[in-house]
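Nothing in this text is a laboratory measurement; each read-out follows from the coordinates by a stated rule. Treat the numbers as computed from the prediction; the structure is a model and nothing was measured. No Cβ is skipped: glycine too gets one built from the backbone with ideal geometry, and neighbour counts run over all protein chains shown.
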Amino acid sequence: MFLRSLPVFILALACFCLLPLPEVRALDPVADAPGLGSRAAVLLDAATGTLLYTKNQHEIIPPASLTKLMTIHLALNEVKAGRLSLDEPMSPPRESWAINQPPRSSLMFLAAGQQVSLRELLLGLAIPSGNDAAVAVALCIAPSVEAFAALMNQEARRIGLVNTHFVEPSGISEYNYTTALEFARFCGVYLSLHPETLTELHSVPEFAYPKTENVGAAYRNRPGTIVQYNHNQLLGEVEGVDGLKTGYIDEAGYNIALTAERKDTRFIAVLLGAPAGYGGAQIRDEDGRKLLAWGFDHFKTLRPETGPLPPLRIWKGRTDWVPVVPGEPLEFTVYAERGTSLYQELVLIDPVVAPLPADSIMGTLVLSDEIGELRRIPLVTTEAVQAGTWWKRLRDGLALFFRSLARRGGGIGQGAGSS
């Protein structure tokens, strides 16, 4: 087993050396973080990417059927690009038929003579976790499963996942690999691009296939419909859970990618490697319950509203004023007891002299609560300002000179303005 996995390990090490992981923000840990039975786990704030909990976050583990989230992601990208239709019927290719899948595969039961839509295939991926559906989706996009796996890896690199690799689209192979941190970050990208999947795919409780419209005329009276249920046992059981995907293979154990939202805060939890033996699924689910409960007990997302910011005075430019906006998203993660009341202060550079490129940092928005400072957000210009005419530069230069004299004489300190 070790020798078979050695090339995978070498490739992962090479990727790690060549492409550093993008920076992830984290809050200081709190004392009562839960102990988990899963080998690796991560909890993120979905809105901000802030890292809230880690256990063996960089350990390389096969994702199993969590792989199908990347397959769904690529399919939805094709739909949004206009290259695929969600509802146009197609014949599932021979390679995707249920009878041609590896032993012990989870299936949506594709077969010869059927007509199926991409929407049904995506439901077959999300709910019963059909390996046949994964192959069918892959062959909608690429000429072979291998070519589709290359697209999966290309997308992983584009997102910045350097310790994630795929060899096929269903997750049945032990040679797919990822880490808890990277897969949680991928889930964040996935949810930001495809938020509709939570209601349309991942929280749907059951899936029935094939139906009358999927089979040939000879089987219309007896289509052999099989009803299967969502493998995510925390749906409807844990408050706010509405996705995402479970997975299992012997080499990985039990995995789950979870997301839940409560009171305008959404978390992403990824747990990999709960024990493969008896009771492993229960350990994985209990880990998910504990991690989400702990997260919502201790953290929340703040989304401050600043309103329009005043324009910034520019000297010696072609214009006298330039708009400024926050240079980073306003939402941020805080401890649950913080931010009940929120106070804002503008600290602006003064004076500002043209020429000035767009996106220049011109000050800071300081956010505080009754306990103290919470966050500083840079303020940037929205447009470039060119130098003014010689006359404008001369006039503004004289104005700045007399302004500085007045400030020194009156004892007014230079710099910060606030509101």
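List of remarks:
- Taking the Cα centre of the chain as reference, the dipole from Cβ charges on Lys and Arg (+1) and Asp and Glu (-1) amounts to some 1200 debye.
- Length gained on full extension, Glu206 to Asn77: 44.0 nm, using 0.36 nm per residue less the C-alpha separation.
- Inter-probe distance in nm under a simple model that places probes 7 Å from Cα toward Cβ, at Arg318 and Ala147: 5.0
- Space enclosed by the convex hull of the alpha-carbon atoms of the stretch 312-410, per residue, Å³: 97
- Its relative contact order, with pairs defined as Cα atoms under 8 Å and 6+ residues apart, puts the chain at 15 percent.
- Residues with amide H under 5 Å from that of Gln115, placed H, sequence gap 5 or more: Val215
- Cα-projected label distance for Glu251 with Glu239, points at 7 Å along beta-carbon direction, nm: 4.1
- The stretch between Asp359 and Val189 holds 58.7 nm of extra length on full extension. This uses 0.36 nm per residue minus the Cα-Cα distance.
- Sorted largest first, the spans of the alpha carbon positions of the stretch 223-375 along the three principal axes are 76, 42, 32 Å.
- When each of the peptides 353-366, 236-249 is scored by how many other beta carbons lie within 10 Å of its residues on average, the order from highest to lowest is 236-249, 353-366.
- Rounded to the nearest 20, the Cβ-based charge dipole of the stretch 312-410 about its Cα centre (Lys and Arg +1, Asp and Glu -1) stands at 860 debye.
- The label point for Asp369 and the one for Asn100, both projected 7 Å from the Cα toward the Cβ, are 5.7 nm apart.
- In terms of overall dimensions, the C-alpha atoms belonging to the chain reach 94, 49, 45 Å along their principal axes, ordered largest to smallest.
- Placing R0 at 51 angstrom, the Cβ-Cβ distance between Ala218 and Tyr278 gives a FRET efficiency of 0.75 after rounding to 0.05.
- Here's the picture: a label point sits 7 Å out from the Cα of Ala336 along the beta-carbon direction, and within the stretch 291-320 the residues with their amide nitrogen under 12 Å of it are 291-301.
- Taking the fewest neighbouring Cβ atoms within 10 Å as the starting point, the ordered list for Thr164, Thr212 is Thr212, Thr164.
- Listed from fewest to most Cβ neighbours within 10 Å, the set Lys68, Lys80, Lys55 follows the order Lys80, Lys55, Lys68.
- Ordering Trp315, Trp321 from the fewest to the most neighbouring beta carbons within 10 Å gives Trp321, Trp315.
- Packing-based ranking of 274-285, 215-226 yields 274-285, 215-226, ordered from highest to lowest mean Cβ neighbour count within 10 Å.
- The stretch 216-298, relative contact order [Cα under 8 Å, separation at least 6], %: 21
- Look at the dipole of the stretch 312-410 built from charges on Cβ: of Ala354, Ile371, Gly327, the Cα furthest out on the positive end belongs to Ala354.
- Of the complete DSSP H runs in the chain, those spanning 24 angstrom or more by Cα along the long axis with a mean Kyte-Doolittle score not below -1.0 are 280-298, 390-410.
- Panel note: the C-alpha atoms of the stretch 70-190, placed on their principal axes, show extents of 41, 35, 25 Å (largest first).
- FRET efficiency, 1/(1 + (r/R0)^6) with R0 35 Å, evaluated for Arg303 and Asp87 via beta carbons: 0.50
- Rg(Cα)/(2.2 N^0.38 Å) for the stretch 146-283, N = residue count: 1.21
- Compared with the direct C-alpha span, the chain from His58 to Ser117 gains 17.5 nm at full extension, assuming 0.36 nm per residue.
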